Amino acid sequence: MMGVLYFSANKSLTRYGGAVYNTSSGNVFMSSTEMTNNSAGLYGGAMYNDFDASCHVSSGTFSSNICLNAGGGAYNLGTWI
């Protein structure tokens, strides 16, 4: 068993996904993940999930993430499970 995966204090100053930017046709699986204090210039303070991308989060915590437009914790245009 693996420990908790931490994404903390990451920044995307210009665009999307402060900690994770899942591009088109990408697949992301995260388990026991904590995303805190991340920031993005436009969308998805912690994570941006693009068109045709897939994201599965199991036992995840998103807290204190910010962005300028929408999706402080996550911004989803694809599939979110």
Using Cα pairs closer than 8 Å and at least 6 residues apart in sequence, work out the relative contact order for the chain, in percent.
31 percent
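Per the 1.4 Å probe, what fraction of the accessible area of the chain, in percent, lies on carbon and sulfur atoms?
Working: 2410 of 4660 Å².
Here it works out to 52 percent.
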So what is the orientation-averaged projected area of the range 1-67, using the convex hull of its C-alpha atoms, in nm²?
4.2 nm²
Give the relative contact order (percent, whole number) for the range 16-57; include only Cα pairs under 8 Å separated by 6+ residues.
58 percent
Averaged per residue, the 1.4 Å probe accessible area of the chain, protein heavy atoms only, in Å², is roughly 58 Å²
Loop only per DSSP, at most 13 neighbouring Cβ atoms within 10 Å: give me the chymotrypsin sites (Phe, Trp or Tyr not before Pro) in the chain, ordered by residue number.
F51
Restricted to Cα positions, what overall size does the range 36-80 have along the principal axes? Three whole-Å values, descending.
23, 23, 10
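The values are calculated or read from the model by the stated rules, or taken from the named source; none is laboratory data. Since the structure is predicted, the reported quantities are computational estimates derived from the model, not experimental observations. Note that we place each Cβ from the backbone using ideal geometry, even for glycine, and neighbour counts take in every protein chain shown. Please note that ligands, DNA and RNA were not included when accessible areas were found on the heavy atoms of the full protein model with its side chains. Shrake-Rupley method; radii C 1.70, N 1.55, O 1.52, S 1.80 Å.
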